[in-house]
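What follows is a set of notes on a single structure, which appears directly below.
The values are calculated or read from the model by the stated rules, or taken from the named source; none is laboratory data. Keep in mind the model is a prediction, meaning the values are calculated, not measured. Neighbour counts are summed over all protein chains in view; Cβ atoms, including those assigned to glycine, are modelled from backbone coordinates with ideal geometry.
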Amino acid sequence: MKVSVVGTGYVGLVTGACLAEMGNDVLCLDVDPNKIRILEEGGIPIHEPGLDAVVARNVKAGRLAFTTDVARAVAHGTMQFIAVGTPPDEDGSADLQYVLAAARNIGRLMTDYKVVIDKSTVPVGTADKVHAAIADELRQRGSSTEFAVVSNPEFLKEGAAVDDFMRPDRIVVGADDPKAIALMRALYAPFSRNHDKVLVMDVRSAELTKYAANAMLATRISFMNELALLAEKMGADIEQVRQGIGSDARIGFHFLYAGCGYGGSCFPKDVKALIRTAAGENQGLKVLQAVEEANDAQKLVLVNKVVRQFGADLAGKHFALWGLAFKPNTDDMREATSRVVLKELFARGATVSAYDPVAMDEARRIFGDEPRLRYATSPMQALEGADALLIVTEWKEFRSPDFERIKASLKSPIIFDGRNLYEPADVAAHGLNYQAIGRGLNV
Ligand SMILES: NC(=O)c1ccc[n+]([C@@H]2O[C@H](COP(=O)([O-])OP(=O)(O)OC[C@H]3O[C@@H](n4cnc5c(N)ncnc54)[C@H](O)[C@@H]3O)[C@@H](O)[C@H]2O)c1
């Protein structure tokens, strides 16, 4: 099938590459010429495990190409995926300007039947707006070319995006046009060979499904984070509680890890957007409001522990920070807890040496030559001259460190672990003070 993907970011590039992998003829469009240049030169503008090989294979086979030429992209695909960003507007609602700009481009230039597919995470009712924008463009030039708008939210996880796309749990298709539904089923059939994963539903239910999924996952995290705070006060261990409840099949083990707050480009913005959507309908979402508040507070939990240890004024203190990305296996720092931690430490007068296996360039882009931030070339180098260590991202390479070396490098042998990487007793056995999240009374 001929497929165009508008927006070549985390979702668009993975979608384009994986659809090409299944034999489709894919053209990816982006307004960012730098991104397209990198891709045309054989590079990958983001860090996503396994993506480089899929992209290279399909470019070589002639099934995947990149462009900044809107007219070429509109002409190319019968299937037009919109995978542009939907960042939060000032009031927290999803900003649809990029989605609607993409839709207008399609309406302005299309000359034959198109299925326009909302892959971006968009509020309920957006497909109607996309439909209206395209219809308006067609009307302006007196065209009666047919088209359908489909909602096809994406559930991939950064860091495992290729696997998630190639082996999805489900493929949600919100549509009411039989021709478009048939084309979507055909496009996704190769991803659904073991059993039918395509769930066809009405457009609005599909749009709400995406927000409901992220809201549920965020709720589990904030729930565990608040329980962890209670566990700390009462001398209980959240890790044992996690195992105690996760073993209940109705609850399950996934997304029950306490930590220093969720970040990323999805949970914070989608929770906010759903709250805004509901407010617009005079429908309170009290649970989700609490989820968001709890998460904002949780991002400060590590700094609160530092302050309890070293005092509110951290002038002259220097900290090592392991992990900048919002989660492992990505360089994405959007809404990352590390940003809140760094900002708070700087505001209190501290300096920081930070290390991340892949997000160092992204940190440099965000913080530039911030004088209070040094960029370490290894986890151990970050420790040099530091008063204590803060861990913010659970990268595998932080899981089994040389605790003796950590102890010898730090001025005060303290680890503030925002991701509960270690067994408290093991760390304590090395003479380190280990302050994790909800792991009983601080050792
Ligand atoms: N990142 C994730 O893990 C994830 C998962 C599921 C859903 N989503 C959703 O998918 C959407 C995209 O997210 P992302 O993380 O891929 O964003 P991103 O910022 O990585 O990519 C968006 C791309 O769209 C481009 N763009 C903007 N306007 C354009 C236009 N008019 N024409 C062509 N290109 C345009 C931008 O230059 C950018 O490269 C969002 O709605 C997001 O909520 C993201």
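Below is a table of values for the structure above.
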| read-out | value |
| --- | --- |
| Residue ID - nearest to residue 418 (Cα to Cα), chosen from residues in segment 245-259 that are free of Cβ contacts under 8 Å to residues at least 60 places away in the same chain and of a type in the set (Gly, Ala, Ser) | 246 |
| Condition met for residue 256 (under 23 Å from residue 87 (Cα atoms), within 23 Å of the chain's Cα centre (by Cα) and at pLDDT 95 or above) | no |
| Residue match in segment 82-99 (condition: touching a residue at least 24 places away in the same chain (Cβ under 8 Å) and in a helix (DSSP H, G or I)) | yes |
| Evaluation of residue 38 against (1) of a type outside the set (Gly, Ala, Ser); (2) modelled with pLDDT under 95; (3) under 22 Å from residue 359 (Cα atoms) (one fails), failing number | (2) |
| Residue 341 being in contact (Cβ under 8 Å) with a residue 40 or more places away in the chain, part of a helix (DSSP H, G or I) and not charged (D, E, K, R) | yes |
| Residue list for segment 149-191, filter: out of contact with any strand residue (DSSP E or B) (no Cβ under 6 Å at 6 or more places or on another chain), outside any helix (DSSP H, G or I) and either within 30 Å of residue 395 (Cα to Cα) or of a type in the set (Ser, Thr, Tyr) (or both) | 154, 155, 156, 157, 158, 159, 160, 167, 168, 169 |
| Subset of segment 304-326 [among the hydrophobic types (A, V, I, L, M, F, W, C) and buried (at least 24 other Cβ atoms within 10 Å of the Cβ)] | 306, 319, 320, 321, 322, 324, 325, 326 |
| Tally, over segment 349-376, of residues that are more than 13 Å from residue 324 (Cα to Cα) and either crowded, with 18+ Cβ neighbours inside 10 Å or out of contact with any helix residue (DSSP H, G or I) (no Cβ under 7 Å at 6 or more places or on another chain) (or both) | 7 |
| Where a residue in segment 41-52 is within 13 Å of residue 18 (Cα to Cα) and its partner, wherever it lies, is assigned to a helix (DSSP H, G or I) and charged (D, E, K, R), with Cβ under 8 Å and at least six apart | 50/163 |
| Failed item in (1) closer than 19 Å to residue 119 by Cβ; (2) part of a loop (DSSP other than H, G, I, E, B); (3) more than 9 Å from the ligand (Cβ to nearest atom), with residue 42 passing the rest | (1) |
| Residue selected from segment 1-35 under the condition part of a loop (DSSP other than H, G, I, E, B) and within 12 Å of residue 188 (Cα to Cα), by the criterion farthest from the ligand (Cβ to nearest atom) | 23 |
| Any chance residue 49 is within 11 Å of the ligand (Cβ to nearest atom) and surrounded by fewer than 23 Cβ atoms within 10 Å (Cβ to Cβ) | no |
| Answer residue from segment 72-96, given it is of a type in the set (Gly, Ala, Ser) and closer than 17 Å to residue 4 by Cβ and is surrounded by the fewest Cβ atoms within 10 Å (Cβ to Cβ) among those | 75 |
| The lone exception for residue 388 - which of (1) aliphatic (A, V, I, L, M); (2) surrounded by fewer than 22 Cβ atoms within 10 Å (Cβ to Cβ); (3) under 26 Å from residue 438 (Cβ atoms) it fails | (2) |
| Residue in segment 238-255 that is away from the ligand (no atom under 16 Å from the Cβ), part of a helix (DSSP H, G or I), closer than 25 Å to residue 321 by Cβ and polar (S, T, N, Q) present | no |
| Verdict on residue 274 being crowded, with 16+ Cβ neighbours inside 10 Å, free of Cβ contacts under 8 Å to residues at least 60 places away in the same chain and either more than 23 Å from residue 390 (Cα to Cα) or out of contact with any Leu (no Cβ under 8 Å at 6 or more places or on another chain) (or both) | no |
| Every residue from segment 97-118 that is within 20 Å of the chain's Cα centre (by Cα) and crowded, with 23+ Cβ neighbours inside 10 Å | 99, 118 |
| Some residue of segment 14-36 being of a type in the set (Ser, Thr, Tyr), surrounded by 14 or more Cβ atoms within 10 Å (Cβ to Cβ) and in contact with a Lys or Arg (Cβ under 8 Å, 6 or more places away or on another chain) | yes |
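Residue by residue, here is whether (1) closer than 21 Å to residue 185 by Cα; (2) within 13 Å of the ligand (Cβ to nearest atom) holds:
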position: 61; (1), (2): no, no
position: 66; (1), (2): no, yes
position: 69; (1), (2): no, yes
position: 86; (1), (2): no, yes
position: 90; (1), (2): no, no
position: 103; (1), (2): no, yes
position: 119; (1), (2): yes, yes
position: 124; (1), (2): no, no
